[in-house]
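Notes follow once the structure below has been shown.
The values are calculated or read from the model by the stated rules, or taken from the named source; none is laboratory data. Source: prediction; values computed, not measured. For neighbour counting, all protein chains shown are included, and Cβ atoms are generated from backbone atoms with ideal geometry for every residue, glycine included.
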């Protein structure tokens with residue numbers, strides 16, 4: 001049984017707490033947050049604390065706080081040579097204070113307060129600065145997910161950046177579609193099956209193969225009509241840039 | 001039992017043929033295509049023809065050919081005052097020859113040769129120029145889909161344009177993510193659960209509410225680091241434009 005301490009109380013921390021709680025291979029020794037109120041409702045399930053000098057012994061300390069706070073929190077830890085990892089996609093393992101053994105435990109998914117997450121389908125990207133720590137980190141990851149992967153810092157940075165494209169930027173395209181349909185009194189809901197199918201398609205096919213539409217066909221008539229329809233300059237700019245991006249990709 | 005004739009043999013025509021074939025409320029009287037070879041394999045199931053003067057009588061003629069060919073094909077039809085619809089998202093109902101009663105039967109989904117489509121979940125946008133034709137068109141639509149909607153030409157044009165954003169443009173963002181991960185030897189596959197979750201999230205929440213990430217938080221440090229990581233100018237331009245689009249939406 002591997003023991004962990006969770007530090008932080010944001011979305012990732014909450015989802016990790018829930019996932020580890022249901023695992024029989026990991027025990028949560030303690031949950032730390034600088035403000036106790038956020039985690040107070042869990043006090044009957046787990047040892048909670050807001051005093052960093054009060055941290056108990058554990059195999060792994062999981063720091064799930066905002067990117068900017070990781071370095072400082074890690075340097076406040078009142079012990080040395082223990083195994084400390086953070087959960088960020090974009091922070092280096094070297095940003096953790098070097099008095100402890102360091103690593104990264106990055107779950108590549110979007111977490112929100114309300115939505116429940118099936119953690120078994122969340123890829124967890126792992127990195128340790130010391131080779132001997134890897135197997136233990138992997139054991140913790142496989143306790144909650146069936147997809148774990150050793151990923152170095154450059155690869156993790158690339159994944160985090162790519163995640164912004166497929167998550168935040170894609171969601172913004174949904175938002176623009178929402179604005180376009182609303183401006184004509186059409187229902188955004190009618191696009192939802194298409195949104196799902198587009199995401200489903202690239203589970204099996206490469207995005208290159210999955211592409212269709214006027215830009216790929218270089219259908220100038222439709223492109224021109226679309227640009228005429230767009231009265232928002234910002235939407236127009238997005239349309240032009242993404243159309244030329246598709247043309248570049250498909251050699252038009 | 002409503003009778004239809006399908007004209008054309010592209011992806012939409014094939015998927016419509018399959019959907020109507022399995023419906024007990026619609027009978028396919030005939031399948032026309034200017035080249036017989038594409039539909040020859042169906043000759044034991046349905047009357048096929050490549051002679052437009054040989055078209056049989058039916059309640060509805062469904063023209064599922066490329067946008068540019070719709071007008072001409074409709075004017076070649078050797079009859080008058082019958083009910084003729086096209087299946088395009090971006091062509092006006094008025095582009096059909098006015099010698100017949102006109103309408104639109106637009107299935108809002110992406111169709112490819114290989115992928116099977118659950119037509120019951122495909123929204124079908126309906127329009128008729130004559131009010132009395134609507135109920136029959138709706139009957140044909142509900143025979144294969146549980147989502148049908150009366151949509152005027154402006155609304156349909158907006159939906160078709162918005163579909164380009166949520167389908168073609170989103171897929172291109174997946175492609176860029178593929179390029180970014182590959183350039184660092186990271187696995188695009190690790191992004192697939194996130195791609196699905198992003199699409200799933202807006203089934204329940206508005207894209208506005210679903211948004212997260214550095215652009216929404218105006219996290220300048222991460223944005224700067226991402227821009228530094230992008231060595232492809234085109235990717236950089238997309239990153240900048242979509243980041244500023246998110247900032248606009250969320251008042252940053």
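Data overview
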{"quantity": "Selection status of residue B:53, outside any loop (DSSP other than H, G, I, E, B), modelled with pLDDT of 95 or more and surrounded by fewer than 22 Cβ atoms within 10 Å (Cβ to Cβ)", "calculated": "yes"}
{"quantity": "Hits in the stretch B:98-116 - residues which are within 19 Å of residue B:4 (Cβ to Cβ) and touching a strand residue (DSSP E or B) at 6+ places or on another chain (Cβ under 8 Å)", "calculated": "B:100, B:101, B:102, B:103, B:104, B:105, B:106, B:107"}
{"quantity": "Lone qualifier among A:170, A:181 - being crowded, with 24+ Cβ neighbours inside 10 Å and at the interface with another protein chain (Cβ under 7 Å from one of its Cβ atoms)", "calculated": "A:170"}
{"quantity": "Residue in the stretch A:92-101 that is under 24 Å from residue A:77 (Cβ atoms), over 14 Å from the mean Cα position of the chain (by Cα) and at pLDDT below 95 present", "calculated": "yes"}
{"quantity": "Residues (more than 12 Å from every other protein chain (Cβ to nearest Cβ), farther than 18 Å from residue B:32 by Cβ and surrounded by fewer than 21 Cβ atoms within 10 Å (Cβ to Cβ)) located in the stretch B:96-126", "calculated": "B:98, B:101"}
{"quantity": "Number of the condition not met by residue B:120 [criteria: (1) in the same structural domain as residue B:197 (by TED's automatic domain parsing); (2) in contact (Cβ under 8 Å) with a residue 24 or more places away in the chain]", "calculated": "(1)"}
{"quantity": "Tally, over the stretch B:1-41, of residues that are in contact with a strand residue (DSSP E or B) (Cβ under 6 Å, 6 or more places away or on another chain), over 23 Å from residue B:122 (Cα atoms) and part of a helix (DSSP H, G or I)", "calculated": "1"}
{"quantity": "Elements of type helices (runs of 4 or more DSSP H) contained in the stretch A:167-233, each with 1 or more residues being closer than 14 Å to residue B:161 by Cβ and touching a helix residue (DSSP H, G or I) at 6+ places or on another chain (Cβ under 7 Å)", "calculated": "A:170-183, A:192-204, A:214-217, A:220-229"}
{"quantity": "Test result for residue B:61, surrounded by fewer than 14 Cβ atoms within 10 Å (Cβ to Cβ) and not in a loop (DSSP other than H, G, I, E, B)", "calculated": "no"}
{"quantity": "Those residues of the stretch A:209-239 which are within 25 Å of residue B:201 (Cβ to Cβ) and facing chain B (nearest Cβ under 7 Å), in sequence order", "calculated": "A:210, A:211, A:212, A:213, A:234, A:238"}
{"quantity": "When residues of the stretch B:153-167 are limited to those that are more than 7 Å from chain A (Cβ to nearest Cβ) and modelled with pLDDT of 95 or more, the one farthest from residue A:154 (Cα to Cα)", "calculated": "B:156"}
{"quantity": "Those residues of the stretch A:106-130 which are closer than 16 Å to residue A:96 by Cβ and assigned to a loop (DSSP other than H, G, I, E, B), in sequence order", "calculated": "A:129, A:130"}
{"quantity": "Any pair with Cβ under 7 angstrom, 6 or more apart, that starts in the stretch B:45-71 at a residue that is in contact (Cβ under 8 Å) with a residue 40 or more places away in the chain and ends at one that is loosely packed, with under 14 Cβ neighbours inside 10 Å and assigned to a loop (DSSP other than H, G, I, E, B)", "calculated": "B:55/B:78"}
{"quantity": "Residue, surrounded by the fewest Cβ atoms within 10 Å (Cβ to Cβ), within the stretch B:146-160, restricted to residues that are in contact (Cβ under 8 Å) with a residue 40 or more places away in the chain and part of a helix (DSSP H, G or I)", "calculated": "B:153"}
{"quantity": "Any hit, the stretch A:132-143, residues being crowded, with 22+ Cβ neighbours inside 10 Å and touching a helix residue (DSSP H, G or I) at 6+ places or on another chain (Cβ under 9 Å)", "calculated": "yes"}
{"quantity": "Test for residue A:133: is it at the interface with chain B (Cβ under 7 Å from one of its Cβ atoms), assigned to a helix (DSSP H, G or I), more than 13 Å from the chain's Cα centre (by Cα) and more than 30 Å from residue B:124 (Cβ to Cβ)", "calculated": "no"}
{"quantity": "Residue check for residue A:143: assigned to a helix (DSSP H, G or I), more than 7 Å from chain B (Cβ to nearest Cβ) and either under 16 Å from the mean Cα position of the chain (by Cα) or farther than 30 Å from residue B:111 by Cα (or both)", "calculated": "yes"}
{"quantity": "Residue A:187, sole failed condition from (1) touching a strand residue (DSSP E or B) at 6+ places or on another chain (Cβ under 9 Å); (2) surrounded by fewer than 19 Cβ atoms within 10 Å (Cβ to Cβ); (3) more than 8 Å from every other protein chain (Cβ to nearest Cβ)", "calculated": "(3)"}
